[in-house]
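The values are calculated or read from the model by the stated rules, or taken from the named source; none is laboratory data. Just so you know, these numbers come straight off a predicted model, no measurement behind them. In this analysis, Cβ positions are derived from the backbone assuming ideal geometry, glycine residues included, and neighbour counts consider all displayed protein chains. Ligands, DNA and RNA are excluded from the accessible area calculation, which covers all protein heavy atoms including side chains. Shrake-Rupley method; radii C 1.70, N 1.55, O 1.52, S 1.80 Å.
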Amino acid sequence: MNQQPQPKYKFYPSILDKYESYLHTEREFEGFFNKDRETGEYKRSFEEMEAEALQSLIDAINRVPFDSEKADKGTVFNELVDSFIHRRRSDRVQMRGDTENDALYAYFNQRAFVFSYRFVKEAAEYFKGALSQVQVSAMIDTCYGAVELYGYIDELRGDKVYDIKTTSSYEFGKYAGGWQRHLYPYCLVESGLCTGIDSFEYTAYLLKGGTERMPVITGTQYPEVYKYEHEKSREKLRRHSERFIEFLEAHRDKITDKKIFGEL
């Protein structure tokens, strides 16, 4: 049995996404929301946006805590769906159901959310029979040494991988640049957990509600499916990892959390 090399770096999908976002700061600078509709002038300079994107990436690498109601809402929805799929209580989210009033009360991180009971139940039915929160990892070779890719798959059923997304706005292709669709199937196949993966789906939920006027959260599902090709994803992951490694080494003095360098 071949012994796996000791990784020089350890990457997970959201940090690869964060680096991708940093690389494309110019898109945000040129985007609709950075231009005054009347004058056409830029609201913020490119230098300002680049500095902010750089700091945001460094903070993510260093795992600096941040508070986000939007992120908490997504976490709660994911936990509720998994609880319904597997008919079990969550150990992270407190919940109480009220089927008569179509309400599912959830408490997490000192925040309270009210979801439509029917909405969560229907979402869970879509993933019926899936394995949830599947931990995966696998090595990939780069010109700078071995990288361990790792993460948790939201839902896995047969030869299809699902990643649940919650959003307040949606248009098809929103998640095309995401790295989950390459990394998770790659890890499954490369580690031998699966012989092959056919496709990856970002299951997006456009949420509405959660306000004083409309307290109950419901939503509409938008599946975004991508065919998986192992060797193409391997090459994409290798190239992106090498570029990210170059960034990490250039900014090593700013990085305090050494796990990304393969250190505990």
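So what's the back-of-envelope 222 nm ellipticity for the chain, counting only DSSP H runs of four-plus at -39500 (n - 2.57) apiece and dividing by all residues, rounded to 500? Spell out each step's value before the answer.
On the way: 7 runs with 93 residues, N = 264.
Result for the chain, helices only: -11000 deg cm²/dmol.
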Q.
Restricting to DSSP loop positions (anything but H, G, I, E, B) with no more than 12 other Cβ atoms inside 10 Å of their own Cβ, which chymotrypsin sites (Phe, Trp or Tyr not before Pro) remain in the stretch 151-231?
A. F172
Q: Collect residues whose amide H, placed 1.01 Å from N in the peptide plane, falls under 5 Å from the amide H of Y9; neighbours closer than 5 in sequence don't count.
A: E148
Q | Accessible surface, per residue, of the chain when the full set of protein chains is kept, probe 1.4 Å, Å² | A | 58 Å²
Q: State the percentage of accessible surface on the chain attributable to carbon and sulfur atoms; use a 1.4 Å probe and exclude ligands, DNA and RNA.
A: 47 percent
Q) Using a basic spin-label model with each label point 7 Å from the Cα along Cα→Cβ, how many nm lie between V64 and K232? A) 3.8 nm
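Could you tell me which trypsin sites (Lys or Arg not before Pro) in the stretch 163-207 are loop residues by DSSP with no more than 15 other beta carbons within 10 angstrom of their beta carbon?
Numbers: sites: K165, K174, R181; in loops: K174.
Within the stretch 163-207, the qualifying trypsin sites (Lys or Arg not before Pro) (loop, at most 15 other Cβ atoms within 10 Å) are K174.
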Q | Most to least accessible of K70, K236 (protein chains only, probe 1.4 Å) | A | K70, K236
